[in-house]
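The values are calculated or read from the model by the stated rules, or taken from the named source; none is laboratory data. Only a predicted model underlies this, so the values are computations on that prediction, with no experimental measurement involved. Using ideal geometry, Cβ is built from the backbone for each residue, glycine included, and neighbour counts are taken over all protein chains shown.
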């Protein structure tokens, strides 16, 4: 395999680990837990895995002897930097617990467990992928396991391989799947444990026991480098407004973190839009106001950060999308046979009523068409395909044209649209993500060896040096609530939205006016893998602010 000089150097990097995992380890169990909401319903759905205690791994005094395990692992959902290091940490941890342990990678995500597509992960294979980005060691997929026939097929395939535990590396939906599988296997006494690992660059899988999901650090640093480059160009050319849409379907964590790293002129926070009950026109007016005031200072350029899922947080649009989800699920076959977008728009419009019908029919045709795109496997609108950045450019341009005609604007406006998504998902992991992911994988191997199931690997105290990190595990049921999916209430892990009372958001708020009217741009540059710890090991502004006192 050909490798760049950086790949070669990263291959020799030894991830830093918590002191508690470097020698003899003991397990410490805390109090019983309950779900974050809908406690009675969640307990009823998960009678075998509900109420388990939070676990921590601490320095021990005795060397434990663990039985040999065959373990399966899958990568589920979208890619995130560090997935390969989770597998590396698992592999090393399993071998440390018992040299006879074996690790099997199911190919292509959850479908690999059902279709029995796998490879045994040997040291020769794993060593090729240490500290690298991507999920290509075994691939990923978005197949959702929902049917008992699928569960039974997984049991059959695992028993044939002698697999006694499965690790699911994924986001909130994938770890919800892990929770469901753990409960089903326990109810059937299948003898197969299930452990989850928190992955998503969106940053919305976090709570009191999961301080951040892996990949968020690297992705934000990658996007911030690109934003910084664009801001340097804007400050040089002085003639373009760059509207930059960033990944984050259900929360604005990436946009907020990138704003803290780069200090753009405008940052839209979806959660703020929802709280204020803002309309699309009000968002456009706010952007236009900044453009006008900057023009008065002779500044006809700037940057605007837009969260990917913005449209779902505009109250009227959120209501419309919810109704569209229900209609498209209910009338899936009828919509599928319609030949033109116009026919589909007319059909959907006939099923809508009141405000939603009015909003839908007022939208530009191409934007309405994008709202009707096929849903993802979880029933969500594919917001990454909705060109919100271009919509806002066009709407701001139209408003400013009208203002210029009325003598309210004397500057110039030229908009450029960008969407940063795939650019950050498979980047070479930062030192933080390389260390964090390796520790998560190692922790998962200990949870397996201790016979646990229905747990998510957890590492806390992440703003401290890695030596002081606190590894452990949390019952996935404690993160669950009920939400409507495909028109039906289902148990899912509760998403973490931007906290409008938290320090990261308040820091943005305190600087919003200054950043809007001036060019206070920061240029983070590329991720640093070598050099002083204050540069190469630094984690996100979000995590630092959240844990600052």
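Those residues that are surrounded by fewer than 24 Cβ atoms within 10 Å (Cβ to Cβ) and touching a residue at least 60 places away in the same chain (Cβ under 8 Å), I need them from region 194-218; list them, please.
Scanning region 194-218 gives 206, 207, 209, 210, 211.
Looking at region 239-275, which of its residues are in contact with a helix residue (DSSP H, G or I) (Cβ under 8 Å, 6 or more places away or on another chain) and over 24 Å from residue 541 (Cβ atoms)?
240, 241
State whether the residues of region 527-537 include one that is in contact with a strand residue (DSSP E or B) (Cβ under 9 Å, 6 or more places away or on another chain), surrounded by 17 or more Cβ atoms within 10 Å (Cβ to Cβ) and closer than 30 Å to residue 232 by Cβ.
Checked region 527-537: no residue is in contact with a strand residue (DSSP E or B) (Cβ under 9 Å, 6 or more places away or on another chain), surrounded by 17 or more Cβ atoms within 10 Å (Cβ to Cβ) and closer than 30 Å to residue 232 by Cβ.
Of the numbered conditions (1) over 20 Å from residue 254 (Cβ atoms); (2) in contact with a strand residue (DSSP E or B) (Cβ under 6 Å, 6 or more places away or on another chain), residue 404 fails exactly one; give the number of that condition.
With respect to (1) over 20 Å from residue 254 (Cβ atoms); (2) in contact with a strand residue (DSSP E or B) (Cβ under 6 Å, 6 or more places away or on another chain), residue 404 is out only on (2).
Within region 346-361, can you find the residues that are buried (at least 17 other Cβ atoms within 10 Å of the Cβ) and assigned to a helix (DSSP H, G or I)?
348, 351, 356, 359, 360
Being touching a residue at least 40 places away in the same chain (Cβ under 8 Å) and in contact with a strand residue (DSSP E or B) (Cβ under 9 Å, 6 or more places away or on another chain) is the requirement here; does residue 434 meet it?
No: the conditions fail for residue 434.
What residue, among those in region 20-47 that are over 28 Å from the mean Cα position of the chain (by Cα) and part of a loop (DSSP other than H, G, I, E, B), is modelled with the highest pLDDT?
Out of the qualifying residues, it is 47.
Within region 146-165, is there a residue that is touching a helix residue (DSSP H, G or I) at 6+ places or on another chain (Cβ under 8 Å), in a helix (DSSP H, G or I), buried (at least 22 other Cβ atoms within 10 Å of the Cβ) and in contact (Cβ under 8 Å) with a residue 40 or more places away in the chain?
yes
Quick one: count up the residues across region 48-70 that are part of a loop (DSSP other than H, G, I, E, B) and within 29 Å of the chain's Cα centre (by Cα).
Within region 48-70, residues that are part of a loop (DSSP other than H, G, I, E, B) and within 29 Å of the chain's Cα centre (by Cα) number 5.
Can you tell which of 464, 390, 452 is over 25 Å from residue 305 (Cα atoms), more than 21 Å from the chain's Cα centre (by Cα) and surrounded by 17 or more Cβ atoms within 10 Å (Cβ to Cβ)?
The conditions single out 452.
Rundown of residues vs (1) without any contact (Cβ under 8 Å) to a residue 40 or more places away in the chain; (2) part of a helix (DSSP H, G or I), yes/no style:
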site: 456; (1), (2): no, no
site: 464; (1), (2): yes, no
site: 472; (1), (2): no, no
site: 498; (1), (2): no, no
site: 507; (1), (2): no, yes
site: 519; (1), (2): no, no
site: 523; (1), (2): no, no
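Of all residues in region 474-496, which are under 21 Å from residue 325 (Cβ atoms), outside any strand (DSSP E or B) and within 20 Å of the chain's Cα centre (by Cα)?
Matches in region 474-496: 494, 495.
Could you grab me the full set of residues in region 250-291 that are over 16 Å from residue 497 (Cβ atoms), at pLDDT 95 or above, more than 20 Å from the chain's Cα centre (by Cα) and assigned to a helix (DSSP H, G or I)?
Residues satisfying the conditions are 262, 282, 283, 284, 285, 286, 287, 288, 289, 290, 291.
Looking only at region 115-138, which residues are surrounded by fewer than 19 Cβ atoms within 10 Å (Cβ to Cβ), in contact with a strand residue (DSSP E or B) (Cβ under 7 Å, 6 or more places away or on another chain) and either under 22 Å from residue 95 (Cα atoms) or touching a residue at least 40 places away in the same chain (Cβ under 8 Å) (or both)?
If the condition is that a residue be surrounded by fewer than 19 Cβ atoms within 10 Å (Cβ to Cβ), in contact with a strand residue (DSSP E or B) (Cβ under 7 Å, 6 or more places away or on another chain) and either under 22 Å from residue 95 (Cα atoms) or touching a residue at least 40 places away in the same chain (Cβ under 8 Å) (or both), then 119, 120 are the ones that fit.
I'd like to know if region 172-191 contains one or more residues that are touching a helix residue (DSSP H, G or I) at 6+ places or on another chain (Cβ under 6 Å), without any contact (Cβ under 8 Å) to a residue 40 or more places away in the chain and assigned to a helix (DSSP H, G or I).
yes
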